[in-house]
Structures are given as structure tokens and as C-alpha cells.
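Peer 1: What follows is a structure written as C-alpha cells; I'll ask about it next.
The values are calculated or read from the model by the stated rules, or taken from the named source; none is laboratory data. Note that the structure is predicted; figures quoted are calculated from it, not measured. Here the Cβ positions follow ideal geometry from the backbone for every residue, glycine too, while neighbour counts run over all protein chains shown.
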Amino acid sequence: MSIFSSKTPEQIQAEKIKLQAAKTNTEVNRQVVELEKIYQEGLTSLKDLISPAAVKYESSYFVLNGKYGRSFFVLAYPRFLSSNWLSFIINSEGQLDVSMFIYPIDSATILKKLKSKVGEIGSQLAINQEKGVVRDPMLETAYGDVEGLRDALLQGTEKYFRFALYFTIYADNVKDLDEQSTILESTLGAKLVVTKRALMQTEQGFVSTLPYGLDEMNIGNNLNTSPLSTTFPFVSPDLTSNDGILYGINRHNNSLILFDRFKMENANFVVFAKSGAGKSYAIKLEILRSLMIGTEVMVIDPENEYQHLAEAVGGSFVSISLNSQSRINPFDLPRGLEGESQEDVMRSAIIFLLGLMNLMLGKLDPTEEALMDKAIWQTYAKKDISPTSNLTNAEFPTMGDLVEVLSGMVGAENLAQRLSKYTQGTFAGIFDQQSNVGLVNSLVVFSIRDLEDILRPIAMFVLVNHVWNLVRSELKRRILVLDEAWVMMQHEDSARFIFGIAKRCRKYYLGLTTITQDVADFMASPYGKPIVTNSSIQMLLKQSPASIAIVAETFFLTEGEKYLLLESEVGEGIFFAGSKHAAIKVYASYIEDQIITTDPKQLLEIKEQQKTQAAQGK
């Protein structure tokens, strides 16, 4: 049988041409794909940019671009762990990757297993009781824990999870890696958290701590909600107590930063901030609130920033200048507290006066200092004041008496001549008269704004000593605020004196508040860092880029904290209280703001309102 095609020769020829074209197109497409592949291989992708040049895996560590790393997994936990127990690792200075994997487990499945476990433990307890065996506290505790967990799971207050926790640390060499590994293991071991190194699983451990979300180690523990919540690494400390004053709001959780500085190891307070960051505003707010709870406050004010506050609360404002009538005699002696001998009081006073002479006359050489020491003792003796005399009605000597004594001493004529400018020359009157300033108010502000720059360090030194004499004479809860403290830190003798007060003031129920905007000058002094370390409370407000490195080194700030201080608004920063610290925002009520504001525009508006009200009252 023959078969005849229904297609014409022309149709057959057309189909042949189509098939040939299809083969040609397929070949062209294949060539295009190969060329596209070659082209793509020549492009730089994001993967190429972030991927390492090389990774080498050893049995206990890996090498990544010349950096050594080691991974760990947590094998077991203790029965009890406090919240935020991971924070010390998260906030450590070393390079560290941490990964957590949380797998929910069906409660019904766990309840069945717990029911079986309760039966096992209950049976063992019953057997022990029948045999008269001494009670086993571990079995009884386990029984109570399992029963409590069953109740919580049935009530829905707890859930059950499988939890895996991994760490990867990095170092520049194997020796440093071993040291950091030992520190990590011992630190967690002290909390009874058992960790193991990812031996022979270095690649799996490394990948498990990368941001892929891959758990290639697959080593976990069963935890319910309560213990699992303690592993949350980012917990803002709670600085709220039942006593004290409000310092501000915790920016992380909006809780109150409320506590009593006198319940710390010491009541010293250090404030660092750039100009205009709100440091004086924050301290004036603390002063105002401290006055409400009966704390006496004394302020050394270089720029009259506290005058409005003193007038508003009925405090004393004392201006110290060449033209004012207020005088403080550097030779005043305190009565001394019970148990402190008069000889110790006099020795402390003479040490202070020698430091004062170094400020007033320039650094004394050993010979000059010996002559000056002898002259000061003789000056007190001239007024019948000795370590054994009664100071009840004593009249203390003045600077003029010292000049007179020096003039009569062999070899001290030059010292007398140099000191005479403070008794008969340009600066006569300010330091060579009897004290006429009383400190009987709850708030006393000493202003030195109108003093010449050369006299400011001297006046601050004398004023601080005057306050210190009062503090040592009568035990009361007091705060001494030293604004622009960097002025005194520029001179060794005054810096040493401030450091001495910072160490000893707790004994006299005094809190020293040190404020400065010039961090570099403050920390350049050998006594700068010791003053900071002897202050239980510190506040860092907005910092300038020029000083942030010094601040970060002093307070061991992380990169995030450094960025926070550079980007903070006015009144925002970091508040340290002992080992705790939190981001703070200083808040004041409307009335408080009107009293403590340092904004010149706002102060002018307040004065205009007062003038208007006074005119209307007339």
C-alpha cells in the first residue's frame, strides 16, 4: 500500500526552512548564554565585596583573612540565672559574634513527657520513704519544679522551647585567641554556665554565628519562657529607688532615674559636656531638688549662672571681687570634728597655705618653700595660735601679717616683696582681711565672675578651702558644686587639693560635684582621672568630636555610646551610677525651668515679666 503525502512540495520545503531556522536560533541562544556567563564573571557583585579572600579551618580554630577565630556552644545552664547575665559579654571590648536559635515546642508533647517524669520521680520518692531512706532534697526539688512547670504550661503562662546559644571570638594571633577563650570560659563558668569549644566543628560553629540564620551545630537545651527571657542581652539598667531625687528619664525604657547619691560608695559627682550641652542646667535642677529634701548646697560660680537660682529660693549670693565688700581670710582655721586634734587641723591649714603661695607667687623652689613654711608657723604664733592653744575667741592672722614676718626673716625678703602686691599693690584687700562671709543659708553661691583671670584660680582655691573648713567644723548633709573645675586642674597644688577633698569628703557627709567643659585640660592633670574614679556618679552629655576620644578612653565607652554622645540633643547623654549606666534625658517642670534656665533670651523675658509685675503692683 502506498502512502501519499497531502502536503505540497512547497509546504515541505517551508517546513525544512523553519526547522533549520529553529536550530540556528537555538545555537545563537546557547552562544548568548555562554557569553552572558563570561560577562557576569567579569563583574564585581556585593558577594565579591563582602566575602573573605580566604578561610582556613583547623581542628579548634579557623583563620579568616589573617584573623583567628574560635566558636563555642553552651552545653548546660545552672538552676538559677539572674536577668541580663549576658550583658557583660555583649558589652565587652573584644570582637565577638553571638547567635541564638529558639525553636518552639508543642506544649501537649512536653506535658506528656512531664507527666511521665513526675511518675518516675514520685515512684522513687515513695520507694525511698518505704525503705526509710533519708530524704533526698534534689529529688524533692526536681518534683516541685516539674509540677510547677506543668501547672504553668497548662495555664498558658509559660511556653516551652529548645534554645541554642553560640559564641565566636576573634583575635590577631593564636596566643591572644587562647587567652580570650580562657577568659570567656572562666567568666561563664563562674556563673555555672558550661561552655565547650567547637572542636572538629569549626566550620559549622563559624557558620552558625553568621547572620544567615543557619544552625549547623544543632546543640541546644530545653528551656521554658522564664529562664529563656534571662538570656535577652539588651537590658537597660533600672536606676529607680524609693529615696532621693529625680535626675531624669531613662531613654531606653522611659523609667525614672531616681536615687540618693549619698547612698552610693561616695556622693561625688562628675559632669563632662561641651558648652551649651545643658550641664549647668542639669546641676541646677539637682540643686533645686536637693534643697527640697534638706540638703545644704554651696556653689563656686565662675559666670554668675547660679544667681537667679539663689535669688529664687532665698539663698545667699556672694560676689568675690576687688570692688566687693565680701572677704575671706585664707588663714581661718576650722574648729575640727570630734576626734581630730588641733595639731592635725593646723598642719592641714599650713599645707593649704603652701599650695596657695605656689599659686600666688609661682612655683616655689625647695629653699623658698622651707622659708615659707617657717614663716607661716611664725605668723600663727604671732597671734598666739599654736597646736595647743584655744581657738574659741582667737583672731586669725592675715596676709599682711605673713608679709611682715617674711620681711624680718633672713633670705625671705624676695618672697615678702613678691607677696606685697596682694597686701599693698594692685590686688590689695581681697585676700588680706578678716572673713566677713557667713554660710548660714541652705544655698550659698560664691561668684568670681568679676575677678581678673589671673586671680580666678587663687579665689577658687581659697573658696574651696573656706567651704572645706566649714564642712569639717559641723557634720551636715552637704553638696559642694565646683563649676568650670578645669581652672583649678591647671595647677598641681589646687588639683591635688581637690583630689584630697574627693577622697575624704565622704567622712564629712559631703558630696563633691565637679563640672567641666574642657575635658582635655581636666584629664591632662595627673589628678584628673583619680577624681573621676573617686566619683560614684558621672554624667556625660553631648561631646565635641575633638574630645570624644579622651572621654571614651576614660569611661571605656563602646562605639555606640560614643555615637550617642556625639548626636545627643541638649540635656541628653549617659548617666553612670556605680556599675550601672543608662541613656538619660533631663526633664524639668515649667516652674523649675523658669528658675534654673541658663538661656539668655529666656532670662531677659523673665526679667521683663518681673519689671511689668512690679510696675503693675505699684
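Peer 1: Please count how many residues of region 34-50 are surrounded by 10 or more Cβ atoms within 10 Å (Cβ to Cβ) and either in the same structural domain as Lys196 (by TED's automatic domain parsing) or among the hydrophobic types (A, V, I, L, M, F, W, C) (or both).
Peer 2: Count: 1.
Peer 1: Sticking with this structure for a sec: Just the residues that are among the polar types (S, T, N, Q) and under 30 Å from Lys196 (Cβ atoms), please, taken from region 18-62.
Peer 2: Ser51, Ser59, Ser60
Peer 1: I'd like to know if region 224-240 contains one or more residues that are more than 30 Å from Phe161 (Cβ to Cβ) and either surrounded by 15 or more Cβ atoms within 10 Å (Cβ to Cβ) or of a type in the set (Ser, Thr, Tyr) (or both).
Peer 2: For region 224-240, residues more than 30 Å from Phe161 (Cβ to Cβ) and either surrounded by 15 or more Cβ atoms within 10 Å (Cβ to Cβ) or of a type in the set (Ser, Thr, Tyr) (or both): present.
Peer 1: What's the number of the only condition in (1) crowded, with 17+ Cβ neighbours inside 10 Å; (2) at pLDDT 85 or above; (3) assigned by TED's automatic domain parsing to the domain that holds Arg418; (4) among the hydrophobic types (A, V, I, L, M, F, W, C) that Leu333 fails to meet?
Peer 2: If we test Leu333 against (1) crowded, with 17+ Cβ neighbours inside 10 Å; (2) at pLDDT 85 or above; (3) assigned by TED's automatic domain parsing to the domain that holds Arg418; (4) among the hydrophobic types (A, V, I, L, M, F, W, C), just (2) comes out false.
Peer 1: Among what's in region 527-551 and is over 10 Å from the mean Cα position of the chain (by Cα) and of a type in the set (Gly, Ala, Ser), pick the residue that is surrounded by the most Cβ atoms within 10 Å (Cβ to Cβ).
Peer 2: Residue satisfying both the conditions and the ranking: Gly528.
Peer 1: Considering region 556-576 alone, what residues qualify as being under 23 Å from Glu265 (Cβ atoms) and modelled with pLDDT of 85 or more?
Peer 2: Across region 556-576, the qualifying residues are Gly573, Ile574, Phe575, Phe576.
Peer 1: Okay, moving on. Enumerate the pairs (first residue in region 388-411 and in the same structural domain as Leu354 (by TED's automatic domain parsing); second residue anywhere and in a loop (DSSP other than H, G, I, E, B) and aromatic (Phe, Trp, Tyr)) with beta-carbon separation below 6 Å, excluding pairs fewer than 6 apart on the same chain, so at least 6 apart or on different chains.
Peer 2: Final answer for the pair search is Phe396/Phe331; Pro397/Phe331; Met399/Phe431.
Peer 1: Return yes or no: is Asn91 farther than 27 Å from Gln155 by Cα, over 31 Å from the mean Cα position of the chain (by Cα) and of a type outside the set (Asp, Glu)?
Peer 2: When the stated conditions are applied, Asn91 does not pass them.
Peer 1: Take the residues in region 293-324 that are among the hydroxyl-bearing types (Ser, Thr, Tyr) and closer than 27 Å to Thr426 by Cβ; name whichever of them is surrounded by the most Cβ atoms within 10 Å (Cβ to Cβ).
Peer 2: Out of the qualifying residues, it is Ser319.
Peer 1: Mind listing whichever residues of region 51-77 are part of a strand (DSSP E or B) and surrounded by fewer than 14 Cβ atoms within 10 Å (Cβ to Cβ)?
Peer 2: Lys56, Leu75, Ala76 - these are the residues of region 51-77 that are part of a strand (DSSP E or B) and surrounded by fewer than 14 Cβ atoms within 10 Å (Cβ to Cβ).
Peer 1: Out of Ser389, Ser473, report the one residue that is in contact with a Pro (Cβ under 6 Å, 6 or more places away or on another chain) and within 21 Å of Ile351 (Cα to Cα).
Peer 2: Exactly one residue qualifies, and that residue is Ser473.
Peer 1: Does region 101-118 contain any residue that is closer than 17 Å to Phe206 by Cα and not in a loop (DSSP other than H, G, I, E, B)?
Peer 2: Taking every residue of region 101-118 in turn, at least one turns out to be closer than 17 Å to Phe206 by Cα and not in a loop (DSSP other than H, G, I, E, B).
Peer 1: OK, next. Listed residues Leu192, Leu165, Leu184; which is loosely packed, with under 15 Cβ neighbours inside 10 Å, in the same structural domain as Leu114 (by TED's automatic domain parsing) and closer than 22 Å to Leu81 by Cβ?
Peer 2: Leu192 is the lone residue from the list that is loosely packed, with under 15 Cβ neighbours inside 10 Å, in the same structural domain as Leu114 (by TED's automatic domain parsing) and closer than 22 Å to Leu81 by Cβ.
Peer 1: Within region 496-526, which residues are modelled with pLDDT of 85 or more and surrounded by fewer than 21 Cβ atoms within 10 Å (Cβ to Cβ)?
Peer 2: Listed by number, the residues that qualify are Arg496, Phe499, Gly500, Lys503, Arg504, Arg506, Lys507, Tyr508, Tyr509, Pro526.
Peer 1: Could you say which residue among Lys476, Lys503 is basic (Lys, Arg) and over 25 Å from Gln307 (Cβ atoms)?
Peer 2: Exactly one of Lys476, Lys503 is basic (Lys, Arg) and over 25 Å from Gln307 (Cβ atoms), namely Lys503.
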